[in-house]
1. Report, in debye and to the nearest 20, how large the dipole of the chain comes out about its Cα centre when Lys and Arg carry +1 and Asp and Glu carry -1 on their Cβ.
2. To the nearest µm²/s, what D does Stokes-Einstein give for the chain at 4 °C and 1.567 mPa s, using the Kirkwood radius over alpha carbon pairs as Rh?
3. Charges on Cβ only, +1 for Lys and Arg, -1 for Asp and Glu, centred on the Cα centroid of the chain; of 11, 60, 45, which one is farthest towards the dipole's positive end?
4. Considering only protein heavy atoms, what is the solvent-accessible area of residue 27 at a probe of 1.4 Å, reported in Å² to the nearest 10?
5. At a probe radius of 1.4 Å, what is the per-residue accessible area of residue 59, in Å² to the nearest 10?
Amino acid sequence: MARWVRPEVYPLMAAMTFVTSLCVFQLARNVLMNPDVRIKKTHRASAVLDNAEEGYGYSQHAFRKYLSDRKPQVFSTLNNFFSKEDN
């Protein structure tokens with residue numbers, strides 16, 4: 001009888017589960033929150049929607065606002081350590 005439990009596959013399954021959950025999250029976010037996606041028939045009837053505020057709110061989400069105050073460095077302490085000149 002073949003063995004059904006294979007521990008060597010667990011890291012692959014964990015990575016695939018993580019990537020699949022990221023894809024599902026992004027697709028659900030786009031379908032539910034993107035102002036250009038028109039699910040309701042009344043919104044689909046209009047050719048051009050005038051929703052500049054809604055588009056700005058979608059593009060400038062909370063995570064982007066949080067990152068706008070930060071330096072664009074991943075490891076700022078490490079970068080400063082290696083870029084410091086010895087006099």
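The values are calculated or read from the model by the stated rules, or taken from the named source; none is laboratory data. The structure presented is a predicted model; accordingly, all values stated were derived computationally and were not measured. Every residue, glycine as well, gets a Cβ built from its backbone with ideal geometry; the counts of neighbours run over all protein chains shown. Areas reflect the complete protein model, heavy atoms only, side chains present, ligands, DNA and RNA absent. Shrake-Rupley method; radii C 1.70, N 1.55, O 1.52, S 1.80 Å.
1. Working: 12 positive and 8 negative charges, 92 e Å.
Dipole about the Cα centre, nearest 20: 440 debye.
2. On the way: Rh = 18.4 Å.
Estimated diffusion coefficient is 71 µm²/s.
3. 45
4. Answer for residue 27: close to 110 Å² accessible.
5. 40 Å²
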